[in-house]
Amino acid sequence: GESVGLHLPTLSVQEGDNSIINCAYSNSASDYFIWYKQESGKGPQFIIDIRSNMDKRQGQRVTVLLNKTVKHLSLQIAATQPGDSAVYFCAEINMNRDDKIIFGKGTRLHILP
Amino acid sequence: GAVVSQHPSRVICKSGTSVKIECRSLDFQATTMFWYRQFPKQSLMLMATSNEGSKATYEQGVEKDKFLINHASLTLSTLTVTSAHPEDSSFYICSAPVRGWTDTQYFGPGTRLTVL
């Protein structure tokens, strides 16, 4: 299930199930979106990106969906594995203006055995 | 692939001292780098944009005299936390944009600063 902690919401998923992590972005002018994975004590790692002219993009075991109408982004992880445990951040960029990344609040993904 | 390194990975210092953190792009040139700080269990907050050959651009609320940024070359940016205090303890992360098919940014591994 999904719960909201003091700072980061946590999503608990059974190993082998699919995970869906949601994100609401803030700027309607943002035209490039990225999902990052951050393990404890490490910098963010790129997972998958999507441009605003697309609504879906698939990678290896991951899919990103973009709904510009409601400014919503989601990351789907298929067949979740223990190594997927991490904090996931969505990020938005306005490529026409600058390269500044605006990070979302993040969601901790917890894998249940 | 593109790699960004940071040094040191961890630093513990006394209150009032200054600490320098280096961010290097290892196999590509970066005219722009970004510095973030991250408090425990929170998201990354952009502090400033480091520009090679010119002054850094600071985000609102970030003290430029406290967080000195120098982008000395196309592969090195440094962040100096001056007169550090315990509230400056945080995880500092740099990133550099890479133009290519992903147009993404690569992040350094981060520097954990603890001010006693």
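Couple of notes before you dig in:
- Qualifying trypsin sites (Lys or Arg not before Pro) in segment A:1-108, DSSP loop, other Cβ atoms within 10 Å at most 16: A:Lys42, A:Arg61, A:Lys68, A:Lys71, A:Arg97, A:Lys105
- Surface share of carbon and sulfur [accessible, 1.4 angstrom probe, percent] for segment A:6-102: 45
- Take the protein assembly as shown with all the other protein chains still there, run a 1.4 Å probe, and you get 51 Å² of accessible area per residue.
- Taking GluC sites (Glu not before Pro) as exposed when their DSSP state is a loop state and no more than 15 other Cβ atoms lie within 10 Å, the longest site-free interval of chain B runs over B:1-58.
- Heavy-atom accessible surface of chain B: percent carbon and sulfur, 1.4 Å: 53
- Protein accessible surface hidden between A and B, which excludes ligands and nucleic acids, total in Å², probe 1.4 Å: 1800
- Of the cross-linked pairs B:Lys20/B:Lys41; A:Lys71/A:Lys105; A:Lys37/B:Lys55; A:Lys42/B:Lys14; A:Lys100/B:Lys64; A:Lys37/A:Lys71, those separated by over 26 Å at the C-alpha level are A:Lys37/B:Lys55.
- Cα centroid separation, segment A:72-95 to segment B:1-72 (Å): 25
- Of the residues making up segment B:17-45, those losing 50 Å² or more of accessible area when the isolated chain is joined by the remaining protein chains, with a 1.4 Å probe, are B:Lys41, B:Ser43, B:Leu44.
- Our summary gives segment B:12-65 a relative contact order of 22 percent, counting only alpha carbon pairs under 8 angstrom and 6 or more residues apart.
- Of all DSSP bridge pairs formed entirely within chain B, close to 90 percent run antiparallel.
- Cα-projected label distance for A:Met95 with B:Ser83, points at 7 Å along beta-carbon direction, nm: 4.4
- Net charge contributed by nearby residues that have their C-beta within less than 15 Å of B:Gln38 (K/R +1, D/E -1): +4
- A DSSP coil position with no more than 10 other Cβ atoms inside 10 Å describes the following trypsin sites (Lys or Arg not before Pro) in segment B:1-94: B:Lys14.
- Once the Cα gyration tensor of segment A:1-72 is diagonalised, semi-axes √(5λ) in Å: 22, 16, 14
The values are calculated or read from the model by the stated rules, or taken from the named source; none is laboratory data. No experiment lies behind these values; they were computed from the predicted model shown. Counting neighbours? That spans all protein chains shown, and the Cβs are built from the backbone with ideal geometry, glycine included. Ligands, DNA and RNA are stripped out before the accessible areas are found, and what is left, the full protein with its side chains, is counted by its heavy atoms. Shrake-Rupley method; radii C 1.70, N 1.55, O 1.52, S 1.80 Å.
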